[in-house]
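Peer 1: One structure follows; several queries about it will come next.
The values are calculated or read from the model by the stated rules, or taken from the named source; none is laboratory data. Computed from a prediction, not measured in an experiment: that's the story for all the values here. Here Cβ is always computed from backbone atoms with ideal geometry, including for glycine, and neighbour counts include all displayed protein chains.
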Amino acid sequence: MADQVVLVEKTEGVAILTLNRPEQLNAMNAQLSAELREAVARMTDDDEVGCLVITGAGKRAFSAGGDIHEQREDDRRYSQAELDARTAVRARGSYEIGACPKPTIGMMNGLAYGGAAVLASSLDMRVGCEHSSFRFLAAAYGRINSTWTLPNQVKNKREAVMGVKALLLRDLGCDLEEQWANERDYTTNVVRGAKAEAAFPEFIARHGRPIGSS
């Protein structure tokens, strides 16, 4: 059996789910996606858990997004109908994480690209650091995503449109001013001069304990 690639730790009413493929920048292969979906469902049903935190192992990445090496193998191995079915399963999993009835927080300890940026945008909150960055890469190859999650992260419709355009244009190679400001606004809270994992306890202390914790 393959090693577990989503680690679950419970502490004081908080479930910390760690994407555990640091050598691959926590790229989201089929196993990781399935384990994350299962872990979120299990922690949702756990009465001892009031809040879910998702983060990545290592110091470089929350997650680099989809595992392109696995995707290339899948393209050779499966028919288009089978690929569509696998994509639908992952999409359902993404929806279930976004619809989690308990508060979900991303502990953004580094880059979040592609599918990982989509995952981050579906969470209720994000705690970032100076090394946090986001890329919605689908725009670079003629597709679009996050249309149902990213606009929820800004205050009004005009800001939603401009925010989505800014992130998508950047991934098409266009230069944008105030890049740090854009990424800062995408996170709920940014801590300078500290790692995300070190900043998270401070963030909880300042904003109160998660709902449902004892």
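Peer 1: Of the residues that sit in region 17-27 and are within 14 Å of the chain's Cα centre (by Cα) and either modelled with pLDDT under 95 or assigned to a loop (DSSP other than H, G, I, E, B) (or both), which one is surrounded by the fewest Cβ atoms within 10 Å (Cβ to Cβ)?
Peer 2: Looking at the filtered set, the residue picked out is Asn20.
Peer 1: Do you know which of the residues in region 1-16 that are of a type outside the set (Asp, Glu) and surrounded by fewer than 15 Cβ atoms within 10 Å (Cβ to Cβ) is nearest to the chain's Cα centre (by Cα)?
Peer 2: Leu7
Peer 1: With the checklist (1) in contact with a helix residue (DSSP H, G or I) (Cβ under 8 Å, 6 or more places away or on another chain); (2) basic (Lys, Arg); (3) modelled with pLDDT under 90 in hand, flag the one item Lys165 doesn't pass.
Peer 2: With (1) in contact with a helix residue (DSSP H, G or I) (Cβ under 8 Å, 6 or more places away or on another chain); (2) basic (Lys, Arg); (3) modelled with pLDDT under 90 applied to Lys165, the lone miss is (1).
Peer 1: Only residues that are out of contact with any Phe, Trp or Tyr (no Cβ under 9 Å at 6 or more places or on another chain) and either hydroxyl-bearing (Ser, Thr, Tyr) or crowded, with 18+ Cβ neighbours inside 10 Å (or both): list them for region 103-124, please.
Peer 2: Thr104, Gly115, Leu123
Peer 1: Is it true that Lys10 is more than 26 Å from Glu130 (Cα to Cα) and part of a strand (DSSP E or B)?
Peer 2: yes
Peer 1: Hey, any hits in region 16-28 for a residue that's closer than 21 Å to Cys129 by Cα, of a type in the set (Gly, Ala, Ser) and touching a Phe, Trp or Tyr at 6+ places or on another chain (Cβ under 6 Å)?
Peer 2: The answer is no, given that none of the residues of region 16-28 is closer than 21 Å to Cys129 by Cα, of a type in the set (Gly, Ala, Ser) and touching a Phe, Trp or Tyr at 6+ places or on another chain (Cβ under 6 Å).
Peer 1: May I ask you to verify whether Arg72 is in a helix (DSSP H, G or I), more than 20 Å from the chain's Cα centre (by Cα), loosely packed, with under 14 Cβ neighbours inside 10 Å and of a type outside the set (Val, Ile, Thr)?
Peer 2: yes
Peer 1: Filtering region 39-65 down to residues that are part of a helix (DSSP H, G or I) and among the β-branched types (Val, Ile, Thr), which residue is surrounded by the most Cβ atoms within 10 Å (Cβ to Cβ)?
Peer 2: Val40
Peer 1: If you don't mind, there's one more thing I want to ask. What pairs come up if the first residue lies in region 2-14 and is closer than 21 Å to Ala34 by Cβ, the second is surrounded by 12 or more Cβ atoms within 10 Å (Cβ to Cβ) and among the basic types (Lys, Arg), and their beta carbons are under 9 Å apart, counting only those six or more places apart or on different chains?
Peer 2: Val5/Arg21; Val8/Arg42
Peer 1: Based on this model, can you work out whether Glu23 counts as over 18 Å from Gly110 (Cβ atoms) and charged (D, E, K, R)?
Peer 2: Spelling it out, it is not the case that Glu23 is over 18 Å from Gly110 (Cβ atoms) and charged (D, E, K, R).
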